[in-house]
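In what follows, a structure is listed as structure tokens, so that the remarks can point back to it.
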Amino acid sequence: MRVPVLSGSRMAVVDAGENAVVLAPPPPVEPIADIAAAVRDALRFPLAGSPLEALVPRGGRATIVVEPPGLPIPGSPSDPRRTAIAATMDELSRAGIPLERQTLLVAGGLARRPGQRELQELVPPEFARRFHGVVQVHDAEDPDLVDLGEVGSVPLQVHPALVKTDLVVTVTAAETVLNGGPAALLAASGPEALRAADAYSLLETAASRGWRTAVELEQALARRVPVIGVSLTLNTPVLSGLLQGYPFDPEAVSRIARSPLTGVFSRLPGIVRHRVLRNLPSELSAFAVYSGPPAVAHAEALLRAVESKAARLEGRLDAIFVGVPHTTPHLPREAPNPALVAYLALGHALRLWRDGFPLVEGGTVILLNRFTRRFPHPTQQPYRVLFQALSVGAREPEDMAQAEAASVTDTRAIAAYRDGRACHPLLPFAEWAACQPALGRLGHVLVAGCRDSLAARRLGLVPTHGIGAAMDMARGRAGGEPRIGVLLSPPYFPLRVSESD
């Protein structure tokens with residue numbers, strides 16, 4: 001069985017054997033034809049609580065909270081969140097809060113603060129031309145953050161626009177428990193709360209401290225000002241061109257694996273491959289819209305997303321292939337450094353499970369990426385600090401805690417974050433912590449086709465020359481013929497895991 005998987009900017013073809021388990025999402029659900037109408041209906045008939053019109057004080061002020069559309073990967077210019085944001089703000093205007101009294105708050109958490117180009121892409125051009133309200137980008141280091149109390153020992157501080165208003169509305173998509181809904185409010189909080197926002201699974205609320213903190217924040221905010229949310233359920237992105245039908249159409253997967261163009265494309269110069277993939281047509285649509293308290297609407301939308309987009313896995317795997325694209329999980333997109341490559345595979349793709357971890361204890365992950373050591377200046381300089389902290393013999397929790405504490409006292413790094421030139425210095429440590437649930441259950445993580453063995457070993461990963469060598473190592477570790485899965489990705493999608501009989 002030959003299976004194509006994106007590895008960096010190349011299409012790797014994995015010869016996984018006849019008994020390989022190919023994990024692919026189901027075909028997209030029939031999308032909503034009129035997103036604006038669906039948003040209006042959802043706001044008039046919420047799942048719980050009062051409709052928008054009953055919450056709007058005529059002539060008051062409203063803050064609309066949105067997130068940079070970093071997920072899913074890849075994104076699309078046709079992102080339905082753009083229309084949903086505009087429709088929500090128009091509905092607020094119709095209910096009595098004119099556009100000039102509305103504040104669009106972009107909450108990006110610890111990620112690099114978006115610039116003018118990213119802000120312009122949040123709403124349709126026609127709406128941007130007639131919007132005369134205020135656009136604010138959250139700054140986690142803003143000294144004017146408002147205190148809302150504590151959750152455990154974690155202080156809750158939020159952007160002033162969330163409390164100096166008459167109404168708060170979140171407009172997000174249900175991608176994970178840490179993205180969208182109440183997590184959008186958490187993304188407008190301080191660095192302590194954002195660093196504490198972890199999750200064992202990105203699709204289960206029970207083991208997510210980040211979800212619990214976000215819900216507590218929503219409740220604390222609701223005691224001061226009315227809060228309502230709009231949550232969209234997105235389809236898996238649909239690719240066009242050479243990758244049309246990938247990854248959900250088995251015929252398309254087989255066609256790409258057999259096509260001589262796959263090998264030709266992989267031999268093209270890197271700059272050409274990057275340009276082709278960056279300009280590859282893709283479509284992103286929504287098939288459900290919910291409204292109500294942000295936690296309620298988001299939970300319902302996320303449940304619908306898992307049921308509609310998940311691949312079913314009967315029994316756990318001994319090993320799994322995970323492709324990592326030549327991009328970052330945050331906007332603006334750029335080439336990923338080794339820590340981000342590890343995060344995309346271990347902290348994102350392998351946390352998109354429900355009901356059970358997809359690999360057996362001590363299982364093997366075969367990560368497909370060339371793993372080139374690059375830290376673009378200045379955007380990814382905070383990752384260099386993490387990389388240095390992970391030197392051999394310095395991976396103990398105490399050592400990492402010291403390095404993390406030192407990073408937040410770096411005034412130049414904080415200034416670069418506040419100026420929008422780099423991410424917050426805490427983000428690399430938060431993303432590395434997000435890899436630990438997977439690393440704690442795995443035996444080895446093999447980097448197939450690794451070009452920088454020192455970088456792989458620095459992260460505790462095992463470099464291998466290619467897919468064949470990685471396959472042989474996985475077989476040796478399993479003590480026989482292993483049950484191997486191939487995750488057809490990106491785009492990444494949920495996994496529903498059930499125990500085999």
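Would it be correct to say that residue 274 is farther than 24 Å from residue 375 by Cβ and touching a Ser or Thr at 6+ places or on another chain (Cβ under 8 Å)?
It is false that residue 274 is farther than 24 Å from residue 375 by Cβ and touching a Ser or Thr at 6+ places or on another chain (Cβ under 8 Å).
Which one of the conditions (1) open to solvent by 20 Å² or more (accessible area, probe 1.4 Å); (2) not in a strand (DSSP E or B) does residue 422 fail to meet, given that it meets all the rest?
The number of the failed condition is (1).
Residue check: is residue 438 modelled with pLDDT under 90, of a type outside the set (Phe, Trp, Tyr), buried (at least 18 other Cβ atoms within 10 Å of the Cβ) and farther than 30 Å from residue 142 by Cβ?
No, not satisfied.
Does residue 384 fit the bill of being closer than 20 Å to residue 458 by Cβ and out of contact with any strand residue (DSSP E or B) (no Cβ under 9 Å at 6 or more places or on another chain)?
Considered against the rule, which asks whether it is closer than 20 Å to residue 458 by Cβ and out of contact with any strand residue (DSSP E or B) (no Cβ under 9 Å at 6 or more places or on another chain), residue 384 comes out as yes.
List, please: which pairs have Cβ atoms under 7 Å, are six or more places apart or on different chains, and start with a residue in region 174-193 that is on the phi < 0 side of the Ramachandran plot and end with one that is among the hydroxyl-bearing types (Ser, Thr, Tyr) and open to solvent by 10 Å² or more (accessible area, probe 1.4 Å)?
Every condition considered, the pairs that remain are 177/205.
Could you count how many residues in region 83-105 are surrounded by fewer than 21 Cβ atoms within 10 Å (Cβ to Cβ) and either within 26 Å of residue 324 (Cβ to Cβ) or of a type outside the set (Ser, Thr, Tyr) (or both)?
Residues flagged as surrounded by fewer than 21 Cβ atoms within 10 Å (Cβ to Cβ) and either within 26 Å of residue 324 (Cβ to Cβ) or of a type outside the set (Ser, Thr, Tyr) (or both) within region 83-105 amount to 8.
Can you pull out every residue in region 145-168 that is among the small types (Gly, Ala, Ser) and either in a loop (DSSP other than H, G, I, E, B) or surrounded by 20 or more Cβ atoms within 10 Å (Cβ to Cβ) (or both)?
152, 153, 161
Of these, 403, 335, 416, which one is free of Cβ contacts under 8 Å to residues at least 40 places away in the same chain and either of a type in the set (D, E, K, R) or surrounded by fewer than 20 Cβ atoms within 10 Å (Cβ to Cβ) (or both)?
Residue meeting the stated conditions: 403.
Test each condition in (1) touching a residue at least 24 places away in the same chain (Cβ under 8 Å); (2) under 19 Å from the mean Cα position of the chain (by Cα) for residue 303 and report the one that comes out false.
(1)
Mind checking which residues of region 169-182 are open to solvent by 10 Å² or more (accessible area, probe 1.4 Å) and more than 18 Å from residue 79 (Cα to Cα)?
178
Considering 16, 33, 42, 12, which residue is closer than 23 Å to residue 283 by Cα and either crowded, with 18+ Cβ neighbours inside 10 Å or out of contact with any Ser or Thr (no Cβ under 8 Å at 6 or more places or on another chain) (or both)?
33
For (1) touching a Ser or Thr at 6+ places or on another chain (Cβ under 7 Å); (2) crowded, with 23+ Cβ neighbours inside 10 Å; (3) among the aromatic types (Phe, Trp, Tyr); (4) within 28 Å of residue 480 (Cα to Cα), each residue gets a yes or a no:
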| position | (1), (2), (3), (4) |
| --- | --- |
| 343 | no, yes, yes, no |
| 346 | no, yes, no, yes |
| 355 | yes, no, no, yes |
| 361 | no, no, no, yes |
| 364 | no, yes, no, yes |
| 371 | no, yes, yes, no |
| 377 | no, no, no, no |
| 385 | yes, no, no, no |
| 398 | no, no, no, no |
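Taking the residues in region 217-274 that are basic (Lys, Arg) and more than 30 Å from residue 166 (Cα to Cα) as candidates, determine which candidate is surrounded by the fewest Cβ atoms within 10 Å (Cβ to Cβ). Please lay out each step first, then the result.
Narrowing region 217-274 to residues basic (Lys, Arg): 223-224, 255, 258, 267, 273.
Narrowing the set further to residues that are more than 30 Å from residue 166 (Cα to Cα) leaves 255, 258, 267, 273.
Details: 255: 17, 258: 12, 267: 8, 273: 18.
Top of the filtered list is 267.
Collect the residues in region 151-163 that are free of Cβ contacts under 8 Å to residues at least 40 places away in the same chain and closer than 20 Å to residue 294 by Cα, keeping them in residue-number order.
Residues satisfying the conditions are 157, 160.
Are any residues in region 121-144 open to solvent by less than 20 Å² (accessible area, probe 1.4 Å) and either within 23 Å of the chain's Cα centre (by Cα) or closer than 30 Å to residue 203 by Cα (or both), and if so, which ones?
Passing the criteria: 122, 123, 138, 139, 140.
In region 294-325, which residue that is in a loop (DSSP other than H, G, I, E, B) and touching a Pro at 6+ places or on another chain (Cβ under 7 Å) is least open to solvent (accessible area, probe 1.4 Å)? Even if it seems obvious, please write down each step before you answer.
Kept after step one, since they are in a loop (DSSP other than H, G, I, E, B), are these residues of region 294-325: 310, 315-316, 324.
When the remaining residues are screened for being touching a Pro at 6+ places or on another chain (Cβ under 7 Å), the result is 310, 316.
Values: 310: 5, 316: 67 Å².
Filtering region 294-325 for residues that are in a loop (DSSP other than H, G, I, E, B) and touching a Pro at 6+ places or on another chain (Cβ under 7 Å), the one least open to solvent (accessible area, probe 1.4 Å) comes out as 310.
Residue-by-condition table, conditions (1) modelled with pLDDT under 90; (2) over 22 Å from the mean Cα position of the chain (by Cα); (3) part of a loop (DSSP other than H, G, I, E, B):
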site: 202; (1), (2), (3): no, no, yes
site: 212; (1), (2), (3): no, no, no
site: 229; (1), (2), (3): no, no, no
site: 245; (1), (2), (3): no, yes, yes
site: 252; (1), (2), (3): no, yes, no
site: 255; (1), (2), (3): no, yes, no
site: 274; (1), (2), (3): yes, no, no
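The values are calculated or read from the model by the stated rules, or taken from the named source; none is laboratory data. Just so it is clear, the model here is predicted, and its values are computed rather than measured. When we count neighbours, we look across all protein chains shown, and the Cβ atoms used for this are built from the backbone with ideal geometry, even at glycine. Heads up: the accessible areas ignore ligands, DNA and RNA and are worked out on the full protein's heavy atoms, side chains in. Shrake-Rupley method; radii C 1.70, N 1.55, O 1.52, S 1.80 Å.
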